[in-house]
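Notes to accompany the following structure.
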Amino acid sequence: MKNKKKLKEAVILLVEDRHLDIELTLHAFKNARLTNRVHVAKTGPEALDYLFHRGAYEDPNLNPIPDLILLDLKLPGLSGIEVLKQLKAAPLLKRIPVIVLTSSAEEFDRANCYDEGANSYLIKPVAFDGFTRVIEEIQSYWLTLNVEPPLDGSS
């Protein structure tokens, strides 16, 4: 049986502080014809404010819970691993798939991310073509093939 495309457009939260990496990611989305809504958080605290609907993000209709999070590790204010820990500790957020998308190839970082509940760990390719392929694979697997769990805490 062929997988049916999700009925709603997925919302992606991109947590990245480097302007060049944000532009590269958004450009790769465009090249991969990924038309999903993407919200960008540039710091760890901003990502948590968005996820927990605090401050400027308190309206859940304007700032919906994402279907997928792309998380960099090196962030100002609060590291990506701290963001990961807090969101995976929250019953209403812990089932959101988190892809760590980072330049770190350190084994410690990779192990730590998986220990804290990351669903995937990807090292950012240096070449744009490689980056676009990674984004296409993310779209193919995480936004099309993957059957997501209920996010309301039900079993």
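Taken together, the values in this text are just the output of simple stated rules run on the coordinates, not laboratory data. Not measured: the values here are computed from a predicted model. Heads up, the Cβs are rebuilt from the backbone with ideal geometry, glycines too, and the neighbour counts pull from every protein chain shown.
Quick notes
- Residue match in region 74-92 (condition: farther than 20 Å from Val38 by Cβ and free of Cβ contacts under 8 Å to residues at least 24 places away in the same chain): yes
- Within region 65-87, being under 18 Å from Trp142 (Cα atoms) and surrounded by fewer than 17 Cβ atoms within 10 Å (Cβ to Cβ) holds for one residue alone: Ile65.
- Some residue of region 138-148 being without any contact (Cβ under 8 Å) to a residue 60 or more places away in the chain and buried (at least 19 other Cβ atoms within 10 Å of the Cβ): no
- Region 27-61: number of residues that are free of Cβ contacts under 8 Å to residues at least 24 places away in the same chain and buried (at least 16 other Cβ atoms within 10 Å of the Cβ): 2
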